[in-house]
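The values are calculated or read from the model by the stated rules, or taken from the named source; none is laboratory data. Because the structure is predicted, anything quoted here is derived from the model rather than measured. Virtual Cβ from ideal backbone geometry, glycine too; neighbours counted across all protein chains shown.
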Amino acid sequence: MAGHTTEDRDHITGTATTGHEWDGIKELNTPLPRWWVNIFYATILWSFGYWVVYPSWPLVSSHLTGVIAYSSRAEVAVELDALKAKRAAQAADLGKVELAAIKSDPKLLSLAMAQGKAAFGDNCAPCHGLGGAGSKGYPNLNDDDWLWGGSLGEIHTTLQNGIRSSNDDKTRISAMPAFGRDGILKKDEVRTVANFVRALSGQPVEAGYNAAAGAKLFADNCAACHGDKGLGNKELGSPNLADAITLYGSGIEDIVETVTNARAGVMPAWNARLDAVTIKSLAVYVHSLGGGK
């Protein structure tokens, strides 16, 4: 009969096919399990109930709040307010005592360390690393090499006022001349004094290096800040050049770049961003990392 089609069935399973075939493989017209279909329809019904009870569809300027007006954001805000209130009471004790006294009080020390570690992770770790080991251009806070001093009070001052911070008139400031860029020293003189700096810390120098010329160049241009022996001066923020600990690298090209163009790293004045108790806790935590004097 015209238009009559015979249902095609898979000869192995006996299941009807959909009529689709790819590379000799026929698609079976196997119905979904009844239990699965029932669950699927139940989830659709459940979604309508969810829309009624909980916040759901967005509107032009807000959203449907639902019968119970639940908000995870509001719930978190309540928890944060409770935590802030609890911390405020604890922080009040930290705010009343001197820095040195915190170290001798186990309870206050534990509180300062916990608060300082959290603040360090949020504010300092992006530059100094989570463990304070630093990287090129960012000081290692675990060693004993401090540009501005590593006592508890000195660390606190550095944190509070920053280094070359534009928003604090008490910020720590040091300015090394750009000896090469500004024409104070010639190119060969820059390299000579760079070799002298490497020699100060016992590092090898380049062939043909004139030690006498290096010493004179250093005495005339660098000793005023770094000292005759290159031991530095924390009052000026000038680094110790004799300990082989360098902020921007100890290779000859690194030092040549520093002498040529100078360096001017910046650290924020945290008193513009953090409260006094948090800065105090940070000072205690940084001092405890291993390099504090």
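Within the stretch 249-293, the set of residues being modelled with pLDDT of 95 or more, hydroxyl-bearing (Ser, Thr, Tyr) and surrounded by fewer than 20 Cβ atoms within 10 Å (Cβ to Cβ) comprises just one member, THR260. Restricted to the stretch 120-150, and to residues there that are of a type in the set (A, V, I, L, M) and modelled with pLDDT under 95, the residue that is surrounded by the fewest Cβ atoms within 10 Å (Cβ to Cβ) is LEU130.
Taking the stretch 35-75, which residues are under 38 Å from the mean Cα position of the chain (by Cα), assigned to a helix (DSSP H, G or I) and among the aliphatic types (A, V, I, L, M)? Once the filter is applied, which keeps residues that are under 38 Å from the mean Cα position of the chain (by Cα), assigned to a helix (DSSP H, G or I) and among the aliphatic types (A, V, I, L, M), the stretch 35-75 yields only ALA74.
As a summary of the residue check, GLY153 satisfies the conditions (1) surrounded by 15 or more Cβ atoms within 10 Å (Cβ to Cβ); (2) in contact (Cβ under 8 Å) with a residue 24 or more places away in the chain; (3) outside any loop (DSSP other than H, G, I, E, B) except for the one numbered (1).
Screening the stretch 3-24 for residues that are of a type in the set (A, V, I, L, M, F, W, C) and modelled with pLDDT of 85 or more and picking the one that is farthest from the chain's Cα centre (by Cα) gives ALA16.
The residue pairs whose first member lies in the stretch 114-141 and is touching a residue at least 40 places away in the same chain (Cβ under 8 Å) and assigned by TED's automatic domain parsing to the domain that holds GLN90, whose second member is assigned to a helix (DSSP H, G or I) and charged (D, E, K, R), and whose beta carbons are closer than 8 Å, counting only pairs six or more residues apart or on different chains, are GLN115/ARG87.
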